[in-house]
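Structure, as structure tokens:
The values are calculated or read from the model by the stated rules, or taken from the named source; none is laboratory data. Note that the structure is predicted; figures quoted are calculated from it, not measured. Glycine gets a Cβ as well: all are built from the backbone with ideal geometry, and neighbour counts include every protein chain shown. To get the accessible areas, we keep the full protein, side chains included, count just its heavy atoms, and leave off ligands, DNA and RNA. Shrake-Rupley method; radii C 1.70, N 1.55, O 1.52, S 1.80 Å.
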Amino acid sequence: MRYIGKKVTGMPATDGAGVKLKRVIGSPALDMIDPFLMLDEFGSDDPESWIAGFPEHPHRGFETVTIMLDGRVKHADSVGNQGVIEAGDVQWMTAGSGIIHSEMPERADGRLHGFQLWVNLPGKLKMTSPRYQDVRASRIASASLNGATVRVIAGEGFGVKGAADTLMPVRLLDVAIGANAAFEIDVPDEHACFVYVYDGEVRGTDRNGKPVDIASGSLGVLVGTQGVRLEAGESGAKLLFADGKPIREPVARYGPFVMNTGEEVQKAFEDYSRGELVGV
Ligand code: MN
């Protein structure tokens, strides 16, 4: 059984045009969980904290995954895609060789809640063609086992296949654990794995088998081998679960670009300033 090797709490950060968010992965406390580069939780009941959004900006070398729980984000990009990501929807975007897009929250009952996860790509795929997958909530199948329900965004869980197609072996589940129930799942030994609790609390164990609680707003890195088992208390729990095969290559990142070397990041900035980031 895997155990909780590290636990971190998201730290307040500001990004885009002044959006206040919680940075969970990609902070001084937790640089990355290869292949996962960043995890932000955004949203609050105060529209002033997020309405400025993320106006036009570039990306190259990795994938961004936007998971909406509440509210909407309108997006538009240099390739001509545009749409609205609504509550329950997921957008899996492969920036690849380069994309310029905007991500602007819209007021929907004044609420907004969601996540953005950055998934790295290996050097051989960093310059692949950009691609958008808008995965509507209705396309995300769910399955239940022993009081835990998973929405399978990518990969496979409880015998159900995810709607998003991934370039690398990555699984992403949105999990709801009922009161006093447990979430149990097998994970390939070579995969990195984490859970981020966004509602309620779960209990796992440390390497000595002693109980460790992960409360809402905290992430646990699950290390060791074999499967994962997390128990929820009386109020149940909701969490994001992800596992993926580490890429194990050098990571050079600056702002919106994630490459293997500093020279490649520099080249991305030059291409962007020359208007050549996006291939024609
Ligand atoms: Mn972006």
Packing-based ranking, highest mean first, of 1-12, 169-180 given that Cβ atoms within 10 Å are counted = 169-180, 1-12
key: Euclidean distance of C-alpha centroids, the stretch 157-209 and the stretch 1-70, integer Å   = 19
message = In Å², and per residue, what accessible area does the chain have when probed at 1.4 Å with the other protein chains present?
response = 43
Alpha-carbon spread of the stretch 133-280, three principal axes, descending order, Å = 57, 39, 26
task = Determine how many Å³ per residue the convex hull of the Cα atoms of the chain encloses.
result = 120
Contour excess over end-to-end distance, with Cα ends at Ser78 and Glu184 and 0.36 nm allotted per residue = 34.0 nm
query = What is the mean projected area of the alpha carbon convex hull for the stretch 60-189, to one decimal in square nanometres?
reply = 9.0
query = How large is the dipole of the stretch 3-244 about the Cα centre if only Lys and Arg carry +1 and Asp and Glu carry -1, each at its Cβ, rounded to the nearest 20 debye?
reply = 360
